[in-house]
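A.B. asks: First the structure, then my questions, so here it is.
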Amino acid sequence: MQFLYSGLTSGSVYGLVALGFNIIYNTTGIINFAQGEFVMIGGMLIYTLFAVMGLPFPIAFIGAVGGAFVMGILFEKVFIRLTKIKNELNLITVTIAASIIIRDLAMHFWGRDSLPVKEFIPVFNIQLPGGVMSSQSILVIAVSLFVAFGLNMFLKKSKYGKAMRASFDDPIAAETCGINVSNIRVMSFGVAALLGAVAGVIIAPIMFVTYDDGIMTGLKGFAAAILGGMGNFGAAIAGGLLLGILESFSASIIPSGLKDAVAFIVILIILFVKPDGLFGKKKVHRV
Amino acid sequence: MLEVKSLHVSYGGVQALTNVSVHVSKGEFVSLIGSNGAGKTTLLNSIMNIVGKQKGTAIFDGKDVTKFGTSQIVTSGMALVPEGRRVFSNMSVLENLEMGGFKRPAAEVKNKLEEIVKMFPVLGERGYQMAGMLSGGEQQMLAIGRALMSNPRILLMDEPSMGLAPLVIKEVYEKLKVLAESGLTILLVEQNASMALKYAQRGYVLENGRIIMQGKASELLGDNEVKRAYLGKEYKEKWER
Ligand SMILES: Nc1ncnc2c1ncn2[C@@H]1O[C@H](COP(=O)(O)OP(=O)(O)O)[C@@H](O)[C@H]1O
Ligand SMILES: [Mg+2]
């Protein structure tokens, strides 16, 4: 049971990152390999605003995720917008280059050391059937589920959320409705960055924040998205939780140094055996 | 009301429209016919600026909309029912309609929605179903309803008969007739020349990206050249079936 609990904690973070991958995949058809960098940015911003400047947590939280949202928008306006020929290969290459630039900038701002962020809530352990969970871990799971639920409501109920789904569904038809699809694309980068930053903030007190966190988190979120099946939000969360649990259980059978390999083994197995993901629908071809 | 002048459009060097001029007066129902690949869709898409214009102008209600973005064109009072309907298949029927009114204030959207459901009862009955589950005819009604949600003064229709059974085609055209009689201006493009010309007042014939004929719809229907090139084939196809 203990493995399950720790798996759910890291899994919900992967789920949030996987959601970010999905949103951008849906609007642009690409994998944004800089997605993990926004998790790092979220962690770094909460370090600066909360741990260094000592702002009250709610304000620091809004500052961190709001800052990441703006960076996501700038990311689209600079890296994606300026790419002349927007085919998938070019855009994916651009996101990889951008992720390296962001990481290097972060190293200059925040240095190479792992930075500690103190807890935002009182820390205590909660006794659960077959194991314990810290209040921190429960917060991580609760926030992730809450954010996933909030995103779902945004997409289902709000006018702009619906416009986003319309643009995923058929960008040309969306244009004919008067929806400015390129603005929607910009917004999707902002929302994806925000989701990543939420993950970065809530995980910061559990794991230190380091400038190069984005690589591993990004790849695991990607593995979760592939595991669930691209283009499906519920599946992203499920894929994240499943990956977290797999990782956690594998620690009991393989050396813990190999724990990170689990995500990549998962990617390979899925791509070999079930390329649409566990819960994925058959891909529809975009025109 | 709509005046398209000397329009040239090309796709990466391949000329799709050459010097096309079309005008539609207020309250008119105009059909433009042409065979597959003639450039009908290109014409409507370039008026809406979904496809870029190489040369030429589009004046709508005295306003030069040549360089307007698609969303601005919709705001100015034009709406397109695209070829193949292109409903949002993973969204409900009501959500589809709501998206059609994206640029309109919420109160107006609500009124318009009621109006459209009254006109197309089937859209009300299936309001909460995913649009992808509807039949082709129902999807066509939905696409028309969605376009009407923006409260347009002119409706551009691309190939409404595509893939539909003859009875359903008739039903769609009857709805268009009602809309036209209520004062909506319509520019329709079609391969199905007999239907398109039967319901229109005026028509154009597009061939290889050029307008080769224009005139009263009834005269075009009776024209020997049109009969041979556009109606003849259909009649023959009917025989073969
Ligand atoms: N996106 C495109 N890229 C290149 N050529 C195109 C494109 N769309 C249409 N065409 C070409 O332009 C011509 C006109 O096409 P279209 O406007 O779709 O004709 P229609 O609607 O009358 O069938 C055709 O020769 C077609 O092959
Ligand atoms: Mg066409």
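A.B. asks: State the Cα centre-to-centre distance between region A:17-91 and region B:64-132 in whole Å.
C.D. replies: 33 Å
A.B. asks: Treating only the Cβ of Lys, Arg, Asp and Glu as charged (+1, +1, -1, -1), what charge dipole size does region B:86-151 show about its Cα centre? Round to the nearest 20 debye.
C.D. replies: 180 debye
A.B. asks: If you don't mind, another one. Determine the total buried accessible area between chain B and chain A, counting protein heavy atoms only with a 1.4 Å probe; round to the nearest 100 Å².
C.D. replies: So the buried area, both faces added, is about 1800 Å².
A.B. asks: Name the long-range amide H neighbours of B:GLU207: under 5 Å, sequence gap of 5 or more, or other chain; modelled H, no Pro or chain starts.
C.D. replies: Amide H to amide H, under 5 Å and 5 or more residues apart or across chains, B:GLU207 pairs with B:ILE212.
A.B. asks: Okay, next question. For region B:147-202 and region A:166-214, what is the separation of their C-alpha centers, rounded to whole Å?
C.D. replies: If we compute the Cα centre of each part, the gap is 40 Å.
A.B. asks: I've got another one for you. Can you give the FRET efficiency for A:ARG81 and B:TYR11, using 1/(1 + (r/R0)^6), R0 = 25 Å, r = Cβ-Cβ distance, to the nearest 0.05?
C.D. replies: So, using R0 = 25 Å, E works out to roughly 0.60.
A.B. asks: Let me ask you something else. Can you list residues whose amide H is under 5 Å from B:LEU80's amide H, if they're 5+ apart or on another chain and H is modeled 1.01 Å from N?
C.D. replies: So B:LEU80 has HN proximity to B:LEU156.
A.B. asks: In whole angstrom, how long is each semi-axis of the equivalent ellipsoid of region A:1-88, when you take the square root of 5 times every eigenvalue of its Cα gyration tensor and sort them from largest down?
C.D. replies: Whole-Å semi-axes of the equivalent ellipsoid: 27, 21, 8.
A.B. asks: Can you give the mean number of other chain Cβ atoms that lie within 10 Å of the Cβ atoms in peptide A:177-184?
C.D. replies: Across the residues of A:177-184, the mean count of other-chain Cβ atoms within 10 Å is 6.
A.B. asks: Let me ask another. Where a ≥ b ≥ c are the square roots of the eigenvalues of the C-alpha gyration tensor, would you call region B:136-241 rounded, which needs a/c under 1.5, or, failing that, prolate if a/b is larger than b/c, or oblate?
C.D. replies: Oblate shape, in that a/c is at least 1.5 and b/c is the bigger or equal ratio.
A.B. asks: Determine the percent antiparallel among the DSSP beta bridges restricted to region B:152-233, to the nearest 5.
C.D. replies: 55 percent
A.B. asks: Across region A:204-217, in residue order, what do the Karplus-derived ³J(HN,Hα) couplings come to in whole Hz, using 6.51 cos²θ - 1.76 cosθ + 1.60 with θ = phi - 60° and x for Gly and Pro?
C.D. replies: For region A:204-217, the Karplus curve yields 3, x, 7, 10, 4, 9, 10, 4, 9, 4, x, 5, 5, 4 Hz.
A.B. asks: Calculate one ³J(HN,Hα) per residue across region A:39-56 by plugging θ = phi - 60° into the Karplus curve 6.51 cos²θ - 1.76 cosθ + 1.60, and present them in order as whole Hz with x for glycine and proline.
C.D. replies: Here the 3J(HN,Hα) series is 5, 4, 4, x, x, 5, 5, 5, 4, 5, 6, 9, 7, 8, 7, x, 5, x Hz.
A.B. asks: Ok, one more. Under the rule of at least 5 residues apart or a separate chain, name every residue whose amide H is placed under 5 Å from the amide H of B:THR185.
C.D. replies: B:GLY27, B:LEU155
A.B. asks: In chain B, what percentage of the DSSP-assigned beta bridges are antiparallel, given to the nearest 5?
C.D. replies: Taking every DSSP beta bridge with both residues in chain B, the antiparallel ones total about 55 percent.
A.B. asks: In addition: Would you mind giving the three semi-axes, in whole Å and largest first, of the ellipsoid equivalent to region A:2-213 according to its Cα gyration tensor?
C.D. replies: Values for region A:2-213, descending: 31, 21, 15 Å.
A.B. asks: Applying the Karplus parametrisation 6.51 cos²θ - 1.76 cosθ + 1.60 with θ = phi - 60° to the phi angles of region A:103-112, what ³J(HN,Hα) value in whole Hz is obtained for each residue in order, glycine and proline being reported as x?
C.D. replies: These are the phi-based 3J(HN,Hα) values: 4, 5, 4, 4, 4, 5, 6, 10, x, 8 Hz.
A.B. asks: Just to be sure I follow: if Rg is taken over the C-alpha atoms of region A:124-264 and Rh is the Kirkwood radius over the same atoms, what is Rg/Rh?
C.D. replies: Result for region A:124-264 is an Rg/Rh of 1.04.
A.B. asks: Please pull out the direction-averaged projected area of region B:123-170, using the convex hull of its alpha-carbon atoms, in nm² to one decimal place.
C.D. replies: 3.9 nm²
A.B. asks: When only alpha-carbon atoms are used, what values of Rg and Dmax, in angstrom, describe chain B?
C.D. replies: So, for chain B, Rg and Dmax equal 17.5, 52 Å respectively.
A.B. asks: Give the percent of DSSP beta bridges with both residues in the protein assembly as shown that are antiparallel, rounded to the nearest 5.
C.D. replies: If we restrict to bridges inside the protein assembly as shown, about 60 percent are antiparallel.
A.B. asks: Okay, moving on. Place the peptides A:203-210, A:115-122, A:223-230 in order of packing, highest mean first, counting for every residue the other Cβ atoms within 10 Å and averaging per peptide.
C.D. replies: Put in order of decreasing packing, that is A:223-230, A:203-210, A:115-122.
A.B. asks: Over all pairs of distinct alpha carbons, what does the Kirkwood formula give as the hydrodynamic radius of the protein assembly as shown, in Å? Could you put the intermediate results ahead of the total?
C.D. replies: Details: mean 1/r = 0.0389 Å⁻¹.
With all distinct Cα pairs of the protein assembly as shown included, I get 25.7 Å.
A.B. asks: I've got another one for you. Please give the charge dipole size of region A:1-126, origin at the Cα centre, charges +1 on K and R Cβ atoms and -1 on D and E Cβ atoms. Round to the nearest 20 debye. Before the final figure, lay out each step's value.
C.D. replies: Numbers: 7 positive and 6 negative charges, 54 e Å.
Here the size comes out at about 260 debye.
A.B. asks: Estimate the FRET efficiency between B:VAL122 and A:ASN152 by the formula 1/(1 + (r/R0)^6), using the beta-carbon distance for r and 30 Å for R0, to the nearest 0.05.
C.D. replies: Numbers: r = 29 Å, r/R0 = 0.97.
After rounding, the FRET efficiency stands at 0.55.
A.B. asks: Let me check I have the definition right: for region B:88-163, take the eigenvalues of the Cα gyration tensor, multiply each by 5, take square roots. What are those semi-axes in whole Å, largest first?
C.D. replies: Working: eigenvalues 66, 46, 23 Å².
After diagonalising the Cα gyration tensor, the semi-axes are 18, 15, 11 Å.
A.B. asks: Then there is this: To the nearest 0.05, how large is the calculated FRET efficiency for A:MET216 and B:GLN72 if R₀ is 51 Å and r is the Cβ-Cβ distance?
C.D. replies: Calculated transfer efficiency: 0.70.
A.B. asks: So how much slack lies between B:GLU219 and B:LEU167, counting 0.36 nm per residue of separation and subtracting their Cα-Cα distance, in nm?
C.D. replies: 16.2 nm
The values are calculated or read from the model by the stated rules, or taken from the named source; none is laboratory data. Not measured: the values here are computed from a predicted model. Cβ: placed from backbone, ideal geometry, glycine included. Neighbour counts: every protein chain shown. Areas reflect the complete protein model, heavy atoms only, side chains present, ligands, DNA and RNA absent. Shrake-Rupley method; radii C 1.70, N 1.55, O 1.52, S 1.80 Å.
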